[in-house]
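The structure under discussion appears below in the form of structure tokens.
The values are calculated or read from the model by the stated rules, or taken from the named source; none is laboratory data. Since the structure is predicted, the reported quantities are computational estimates derived from the model, not experimental observations. Backbone-built Cβ (ideal geometry, glycine too); neighbour counts: all protein chains shown.
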């Protein structure tokens, strides 16, 4: 079954949104200039597993080439459309289908709370 949208539900144009990186998320680049995000494993069960099973305190998320290109450009001022234009200039046809891919990328980043998507003129969080 498909989900039905309500008539008065506003449509979100992801290309007009402005991504902002989570301030508490440390990241760095490796020797191949790939971005690595370091997500802290918090909570009671994570602490137990860290003690008993020597699980790491941080999980490292390795971004792919295009994701690593986009991440440093996320500055809280550029829209998704502007970031897409940078990707298109850097990767050309290899970035296609550009808009569906970049929208999905930001939806995933937002779902993991790596970025916050805000509208133009919205107050800083």
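Figures for the structure shown
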{"quantity": "Failed item, numbered, when residue 56 is tested on (1) touching a helix residue (DSSP H, G or I) at 6+ places or on another chain (Cβ under 9 Å); (2) farther than 27 Å from residue 100 by Cβ; (3) assigned to a helix (DSSP H, G or I)", "calculated": "(3)"}
{"quantity": "Any chance residue 61 is touching a strand residue (DSSP E or B) at 6+ places or on another chain (Cβ under 6 Å) and farther than 21 Å from residue 12 by Cβ", "calculated": "yes"}
{"quantity": "Residue count for segment 80-92, restricted to those that are modelled with pLDDT of 95 or more and loosely packed, with under 12 Cβ neighbours inside 10 Å", "calculated": "1"}
{"quantity": "Residue within segment 58-75 that is more than 10 Å from the chain's Cα centre (by Cα) and over 29 Å from residue 40 (Cβ atoms) present", "calculated": "no"}
{"quantity": "Flag if residue 73 is more than 19 Å from residue 117 (Cα to Cα) and either surrounded by 15 or more Cβ atoms within 10 Å (Cβ to Cβ) or modelled with pLDDT of 75 or more (or both)", "calculated": "no"}
{"quantity": "Residue, nearest to the chain's Cα centre (by Cα), within segment 90-119, restricted to residues that are farther than 16 Å from residue 35 by Cβ and part of a loop (DSSP other than H, G, I, E, B)", "calculated": "113"}
{"quantity": "Scope segment 61-89; condition touching a residue at least 24 places away in the same chain (Cβ under 8 Å), within 20 Å of residue 36 (Cα to Cα) and part of a helix (DSSP H, G or I); matching residues", "calculated": "65, 66, 67, 68, 70, 71, 72, 83"}
{"quantity": "Index of the failed condition, residue 1 passing every other in (1) modelled with pLDDT under 85; (2) surrounded by 10 or more Cβ atoms within 10 Å (Cβ to Cβ)", "calculated": "(2)"}
{"quantity": "Looking only at segment 8-42, and only at residues there that are surrounded by 11 or more Cβ atoms within 10 Å (Cβ to Cβ), in a loop (DSSP other than H, G, I, E, B) and more than 15 Å from the chain's Cα centre (by Cα), the one that is modelled with the highest pLDDT", "calculated": "30"}
{"quantity": "Residue in segment 31-47 that is in contact with a helix residue (DSSP H, G or I) (Cβ under 6 Å, 6 or more places away or on another chain) and closer than 27 Å to residue 15 by Cβ present", "calculated": "yes"}
